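Only one structure is covered here, and it is reproduced in the block below.
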Amino acid sequence: MDITSIKDSTYSLMFGHHGRPDGAIIPNLNFIPRYELSVSTFIPVIYFLCLTPILLLVLSEISAWRAEKRKPKHCRQFGLESHSNLYDQYRDYYSEGMKPGRFKDMVPKWRVKALVIHPIKSCKEIELHKGTVFGYGMQYDRQFCFAYLKPPSSSPDGAQEEQWTFLTRREHAKLAQVKVDLWIPENRKWPEDKAIPKEVKSGGVLVVTFPNPNFTKAGLLSRMIKTIKDEGAETIFHVPFNPSPDEKYPLEAMKIWKDCPTAVNMGKHVPASFKEFLGIEQKVALFRVDPEHYRQVYRCAPRKDELGYQSHTGFADAYPLHLMNLASVRDLGKRVKDDLPRLDAKRFRSNIIITGPEAYEEDHWKKIRIGKFEYDCVCRTARCKLPNVDPDTGKKHAKEPDKTMRSFRQIDEGAPMLACLGMQMVPAKEGKLMVLPSSWEKSGADEYFIQKARSQLGMKSRSWRRASTFISSSEGLMRTTWATRLS
């Protein structure tokens, strides 16, 4: 076969006829699929290909417009505006403890790494740069809780009754997918001749977002229609932070562990699809702490004659504040790395995450000072299986880290069958907390310095003598005070 025949053959394979007058070599493109379409089919296909990107863009703009419209008026979003202060929590640097003191730039070696609140119990957290501590814990923390109406059961007197019972991530891991944004009133004064907006009157608004259970099951066309109808991939609802007296929300008893405090039932704001998302058949409602019915804390906690008030809490499990040492989390992370390569400190639902002390050194603290304010470390935190739930995905690991913690952290005689990690705390008085800023020039070092008190801790202890060794500021001076307390 000569050159001309090769050219003709290649041209023929591609175009289906013989020869080209200029004799040019045409590359063989038989691997490209070709479709024979009639005119009646071809035109709709072109329209579809051209209009689909435009339609998607329009849907995106509609979603953005609706998101902007949903923002509570006259309010600003509460929490960090930039990246998390825990963005580098997996660095080996945080696994190493160090003695109290300061670096060369005068930054304390022991300091607050992150502050976290959980406005709705068991739902997603909000990280802060600074926060205010009240007697019940951090402001806005665990003031709401989802509950389901437990079916009637026989009470001791033989009566049949229903009971609102709190929902927790331990049994309903999907709560980890419920995002909570807190919007608080802007710092401004309203003219006397203008009505104060309801968002401002209520002290802020919770914007709650959860995945739409029906959206993922729908086809592409159905999803587009749902998006236009504002029934997209996520369902959003608003809840006023402080109930308005005009709304007349019912006060009902809600069981949380062994307590049954009276709380405000704000269930009318919860969409019917929420219980479908959780996979619960019973009625679901959202409860708000009633300021007149906080749960008082007595076990291991200081008494009123010592603090000036009896410690109390809202919907936290047991105590107002929870502290976690990042070095302890990193040590546990190394032990479970085969099952959980990145053990997130957020799994443990702490309010205050510190860095500097050696792993598990906090086990023996009795009192600490953060900045100018003191906190009683009343007991170690006995752990359930809630940390097995991934805080980002809501997926629950079958064993870890609970199994590993139980293998070496059953250290407290007051809870011999449970692993312990972290410390439960009671504030000595109201005050402010702030995360250490990247620049140390704006604040004095003493405002952030963490000071500790060394003492053995036992949840069953009825009395003890306490040695509080406070490490002073840059001079490195130490002073020791002694105290005795009955619990």
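Below is a table of values for the structure above.
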{"read-out": "Scope the stretch 103-120; condition surrounded by 17 or more Cβ atoms within 10 Å (Cβ to Cβ) and in contact with a helix residue (DSSP H, G or I) (Cβ under 8 Å, 6 or more places away or on another chain); matching residues", "value": "P108, K113, A114, V116"}
{"read-out": "Unmet criterion (only one of (1) in contact (Cβ under 8 Å) with a residue 24 or more places away in the chain; (2) not in a loop (DSSP other than H, G, I, E, B)) for D305", "value": "(1)"}
{"read-out": "Test: residue in the stretch 79-92 that is in the same structural domain as Y140 (by TED's automatic domain parsing), surrounded by 16 or more Cβ atoms within 10 Å (Cβ to Cβ) and not in a loop (DSSP other than H, G, I, E, B)", "value": "no"}
{"read-out": "Matching residues in the stretch 187-196 - criterion: being of a type outside the set (V, I, T) and under 19 Å from S244 (Cα atoms)", "value": "W190, K194, A195"}
{"read-out": "Residue within the stretch 278-295 that is in a helix (DSSP H, G or I), in the same structural domain as P152 (by TED's automatic domain parsing) and not hydrophobic (A, V, I, L, M, F, W, C) present", "value": "no"}
{"read-out": "Residue that is surrounded by the most Cβ atoms within 10 Å (Cβ to Cβ), among those in the stretch 308-336 that are more than 18 Å from the chain's Cα centre (by Cα) and in a helix (DSSP H, G or I)", "value": "L332"}
{"read-out": "Condition met for S328 (among the polar types (S, T, N, Q) and within 13 Å of L86 (Cβ to Cβ))", "value": "no"}
{"read-out": "Residue match in the stretch 402-410 (condition: hydrophobic (A, V, I, L, M, F, W, C), more than 26 Å from K124 (Cα to Cα) and not in a strand (DSSP E or B))", "value": "yes"}
{"read-out": "Filter result (among the small types (G, A, S) and over 12 Å from K113 (Cβ atoms)) within the stretch 325-366", "value": "S328, G333, A359"}
{"read-out": "Condition check for T216: at pLDDT below 60 and either in a loop (DSSP other than H, G, I, E, B) or buried (at least 17 other Cβ atoms within 10 Å of the Cβ) (or both)", "value": "no"}
{"read-out": "Enumeration of residues in the stretch 247-261 that are surrounded by 17 or more Cβ atoms within 10 Å (Cβ to Cβ) and either small (G, A, S) or in contact with a His (Cβ under 7 Å, 6 or more places away or on another chain) (or both)", "value": "P261"}
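Rundown of residues vs (1) closer than 26 Å to G394 by Cα; (2) modelled with pLDDT of 95 or more, yes/no style:
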residue	(1), (2)
K248	no, no
W257	yes, no
M266	yes, yes
A272	yes, no
F277	yes, no
A285	yes, yes
H293	no, no
Y298	no, no
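Residues checked against (1) under 30 Å from V297 (Cβ atoms); (2) modelled with pLDDT under 90; (3) in contact with a helix residue (DSSP H, G or I) (Cβ under 9 Å, 6 or more places away or on another chain):
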{"site": "Q139", "(1), (2), (3)": "yes, no, no"}
{"site": "A159", "(1), (2), (3)": "no, yes, no"}
{"site": "L175", "(1), (2), (3)": "yes, no, yes"}
{"site": "E186", "(1), (2), (3)": "no, yes, yes"}
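The values are calculated or read from the model by the stated rules, or taken from the named source; none is laboratory data. Bear in mind that the values here come from a model prediction, so they are computed numbers and not experimental data. Every residue, glycine as well, gets a Cβ built from its backbone with ideal geometry; the counts of neighbours run over all protein chains shown.
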